[in-house]
Structures are given as C-alpha cells and as structure tokens.
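Student: Please read through the structure below; I'll follow up with questions.
Every number in this text was worked out from the coordinates using simple rules, so none of it is lab data. The structure presented is a predicted model; accordingly, all values stated were derived computationally and were not measured. Cβ coordinates were reconstructed from backbone atoms using ideal geometry, including for glycine residues, and neighbour counts include every protein chain displayed.
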Amino acid sequence: MKTELRKIPGVGIETEKDLIRLGYPTIASLKGANPEELYERDCIEQGVQIDRCQLYVYRCAVYYASTENPDPQKLKWWYWKDKPPAK
C-alpha cells in the first residue's frame with residue numbers, strides 16, 4: 001500500500017515499510033524525530049548493521065517533515081552524508 005511517506009524524496013517501498021514498522025506512518029509523525037535514533041532502532045530490529053545510506057535517507061525524511069519550505073538541495077539524500085570532522 002502506497003502511503004504519503006513516498007512523497008518524501010528518497011523514500012521508496014522498502015523505506016516506507018521500515019518507517020511504518022518503526023512507528024512513523026505519516027509525514028507529520030516524522031516531524032522532530034531523531035534520525036540517528038531511527039537508524040539505530042532499525043539496525044537493532046533487523047539484527048544487522050544497515051548501510052549508512054539509510055541513515056542519510058532518514059535525516060532527509062526528518063528534515064522534509066520538519067521544514068515548511070525545504071531547500072531543494074537538502075532534499076537529496078547524499079546531502080545528509082556524514083561530514084568529516086573539522087580540523
């Protein structure tokens with residue numbers, strides 16, 4: 001079943017299922033969520049270390065849900081990759 005979660009850039013069928021399983025069935029339910037916590041819970045529940053790209057998708061999804069007029073550049077999952085520490 002396709003839900004409104006698929007409107008979020010980067011969210012496909014599998015991520016949609018994961019978000020619903022994790023207790024986030026709507027875009028509004030993601031508002032203010034902690035993407036790192038989502039990713040950690042997802043890893044624990046699936047019993048594997050999920051590729052970090054999933055974390056980047058969760059970061060993007062939470063940004064999308066929490067921002068009234070999101071910046072188009074920030075709606076690409078790769079924008080949310082881990083940044084190297086500043087020297």
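Student: Could you work out the local net charge near Pro9, counting Lys and Arg as +1, Asp and Glu as -1, over the other residues with Cβ closer than 11 Å to its Cβ? Show your work: numbers first, answer last.
Tutor: Numbers: positive: Arg6, Lys7, Lys74, Lys76; negative: none.
Its environment carries a net charge of +4.
Student: Still on this structure: Sort out for me the Cα centre separation of segment 27-87 from segment 2-25, rounded to whole Å.
Tutor: About 12 Å separates the Cα centre of segment 27-87 from the one of segment 2-25.
Student: What dipole magnitude, in Debye to the nearest 20, does the chain give about its Cα centre under +1 on Lys/Arg Cβ and -1 on Asp/Glu Cβ?
Tutor: On the way: 14 positive and 13 negative charges, 60 e Å.
The calculation lands at about 280 debye.
Student: With a sphere of radius 9 Å drawn around the Cβ of Cys60, what net charge do the other residues whose Cβ falls strictly inside it have (Lys, Arg +1; Asp, Glu -1)? List each step's numbers first, then the result.
Tutor: Working: positive: Arg59, Lys74, Lys76; negative: none.
Surrounding charge for Cys60 is +3.
Student: Please enumerate, by chain and number, the lysines with C-alpha under 19 Å from the C-alpha of Lys74, excluding those fewer than 8 residues away in the same chain.
Tutor: The reachable lysines, counting only those whose Cα sits under 19 Å from Lys74, are Lys7, Lys31, Lys83.
Student: Would you mind classifying the chain by shape? Square roots of the alpha carbon gyration tensor eigenvalues, ordered a ≥ b ≥ c; an a/c under 1.5 is rounded, otherwise it is prolate if a/b is larger than b/c and oblate if not.
Tutor: On the way: a/c = 1.74, a/b = 1.08, b/c = 1.62.
Oblate, since a/c reaches 1.5 and b/c is not below a/b.
Student: Run lengths n ≥ 4 of DSSP H only: what is the helix-derived mean residue ellipticity at 222 nm for the chain, with -39500 (n - 2.57) per run over all residues, to the nearest 500? Don't skip to the answer; put the middle values down first.
Tutor: Details: 4 runs with 39 residues, N = 87.
About -13000 deg cm²/dmol.
Student: Within a Cβ distance under 13 Å of Pro70, other residues only, what is the Lys/Arg minus Asp/Glu net charge?
Tutor: Numbers: positive: Lys7, Lys31, Arg59, Lys74, Lys76; negative: Glu68, Asp71.
Result for the local shell: +3.
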